[in-house]
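K.L.:
If you scroll down you'll find the structure; I have some questions about it.
Every number here is computed from the coordinates shown, using simple stated rules; none is lab data. None of these values were measured; they are calculated from a predicted model. Cβ placement follows ideal geometry from the backbone for every residue including glycine, while neighbour counts extend to all protein chains displayed.
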Amino acid sequence: MGIRERLSGNEAVAVAMRQINPDVVAAFPITPSTEIPQYFSTFVANGQVDTEFVAVESEHSAMSACIGAEAAGARAMTATSANGLSLMWEMIYIASSLRLPIVLNLVNRAVSGPLNIHNDHSDAMGVRDAGWIMLFSENNQEAYDNTLMAHRIAENPNVKLPLMICQDGFITSHSIENIELLEDDKVKEFVGEYKPEHYLLNQKEPIAVGPLDLQSYLFEHKAQQAEAMKNAKQVIKEVSEDFEKLTGRKYEFFEEYKLDDAEMAIVCMNSTAGTTKAVVDKLREQGVKAGLLKVRMYRPFPAEEIANSLSNLKAVAVLDKADSLNAAGGALFEDVVSGMYVNNKNVPVVNYVYGIGGRDTKETDIEEVYSDLSKIVETGKAENPYRYLGLRKGEK
């Protein structure tokens, strides 16, 4: 029987970290993720964990410390947002290339400039190709649950890649919701102990970490990383199934909401899915066959599975909370249409860039998207696939 609580997304993640009791947490404060290490530091001070908490001078140092800890054989975690992730950028790539299963909670926020502390997904999209597994969280419960599953996924011998859990800054990170926690002993048993195969402090096996890797080897090592990311799909599936047996909460690569008989659907990530579900319910009452596909697992990207799920629709809109500034649509849109093309699924798809810098996305905005999709269903044509949602008139 779970423990009923009322927690913000940040506090829920910090509680999950307490229950996991990692060996090392290294962190530097940045809005809106500051509360995660702040809450966790109180657990350290109160003796509730025996974690080595490293208060560093920058986010670059935070990831560097996590890399050093993992390379030495310790389980390491951190949290950051936006510009903090940008300052980690060099070390983000090093963490994945060294195959270190670090877990990072990313509280999504706009990357400067100009300076903005509110939510969009530009930070996550900036590192989407850095070799990290990426899970997105619609609400506080999902952020907590994804954190509990993270080490089981990242540390799997067939994966050994770092993993970041994303949630929307302020929208979920600072909003209090009802949540069901697992008992501490069940978390400990589910996550298990970290038993690395190769690590610097193993005196029986002297190794080097981070050597020069030139033409003779780098290509093959990158191919191994890519193969590990492919392996992560099956591992994420298996860990999610084990988690469902333990909690009754079911997680898949993505959630299909009223998609079985839908004619049109929105594809989105994180908290926007909650708003979209409310609109779908309203439209269903009016007899409109609307649906939603909420992406949870963004890296590795479930291209074939998403393509199959969307194949029977007559119109699809992909919502991107970050603009790739490439004149050809956002990152999620590109992944979706690429997956559909490769898998020979021909459905009209349009892209909406929305919510930049924390711009509110209301039910009326989502209703506007479904209204546009209705016209595509009628005509079979998607004019102007690259669009903005919620932009003030005359400013696009």
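K.L.:
Check each of the trypsin sites (Lys or Arg not before Pro) in segment 157-241 and keep only those in coil by DSSP with at most 14 other C-beta atoms within 10 angstrom; list them in order. The partial results should precede the final answer.
P.N.:
Working: sites: K160, K186, K188, K204, K222, K230, K233, K237; in loops: K160, K204.
For trypsin sites (Lys or Arg not before Pro) across segment 157-241 that sit outside H, G, I, E and B with at most 14 neighbouring Cβ atoms in 10 Å, the list reads K204.
K.L.:
To the nearest 20 debye, what charge dipole does the chain have about its Cα centre, counting +1 at the Cβ of each Lys and Arg and -1 at the Cβ of each Asp and Glu? Show your work: numbers first, answer last.
P.N.:
On the way: 39 positive and 57 negative charges, 122 e Å.
I would put it at about 580 debye.
K.L.:
Which residue, N146, Y199, F170, has the largest displacement toward the positive end of the dipole of segment 140-266 when charges sit on each Cβ (Lys, Arg +1; Asp, Glu -1)?
P.N.:
Y199
K.L.:
Given the options I207, I356, I36, which has the most mean-square fluctuation in a GNM of the chain, springs set between C-alpha atoms less than 10 angstrom apart?
P.N.:
I207
K.L.:
Could you work out the helix-only [θ] at 222 nm for the chain, with each DSSP H run of four or more residues adding -39,500 (n - 2.57) and the total divided by the number of residues, to the nearest 500 deg cm²/dmol? Before the final figure, lay out the partial values.
P.N.:
Numbers: 13 runs with 161 residues, N = 396.
Calculated from helices alone, the mean residue ellipticity at 222 nm is -12500 deg cm²/dmol.
K.L.:
Within the chain, what's the longest stretch lacking GluC sites (Glu not before Pro) that sit in DSSP loops with no more than 13 other Cβ atoms inside 10 Å?
P.N.:
198-382
K.L.:
Shifting gears a bit: Give me the three principal axis extents of segment 254-389 from the C-alpha atoms, as integers in angstrom, largest value leading.
P.N.:
In descending order, the Cα extents are 35, 35, 29 Å.
K.L.:
For segment 110-269, take the convex hull of the Cα atoms, compute a quarter of its surface area, and give me that in nm², please.
P.N.:
Details: hull surface 57.2 nm².
Reported value for the Cα convex hull: 14.3 nm².
K.L.:
Under 20 Å Cα to Cα from K381, which aspartates and glutamates show up? Leave out anything in the same chain fewer than 8 places away.
P.N.:
Straight-distance partners of K381: E263, E334, E367, E368, D372.
K.L.:
Let me ask something else. On a C-alpha basis, how far is the centre of segment 376-395 from the centre of segment 180-236 in Å? Whole number, if you could?
P.N.:
Answer, in whole Å: 44.
K.L.:
Considering only the other residues whose Cβ falls under 13 Å of the Cβ of E227, what net charge follows from Lys and Arg at +1 and Asp and Glu at -1?
P.N.:
Here the count lands on +4.
K.L.:
On a straight-distance basis, which lysines could pair with K393 in a cross-link, Cα separation under 18 angstrom, same-chain partners fewer than 8 positions away excluded?
P.N.:
Filter leaves K362.
K.L.:
Where does each of L181, L373 land when they are ranked from fewest to most other beta-carbon atoms within 10 angstrom?
P.N.:
L181, L373
K.L.:
How would V369, V25, V56, V342 line up from fewest to most surrounding beta-carbon atoms within 10 angstrom?
P.N.:
The most exposed by this proxy come first: V342, V56, V369, V25.
K.L.:
On to the next question. Just to confirm a number: summing +1 for Lys and Arg and -1 for Asp and Glu over residues other than V15 whose beta-carbon lies under 10 angstrom from that of V15, what do you get?
P.N.:
My count for the surroundings of V15 gives -2.
K.L.:
Three principal axis extents, largest first, for the C-alpha atoms of segment 41-132, in Å?
P.N.:
40, 31, 19
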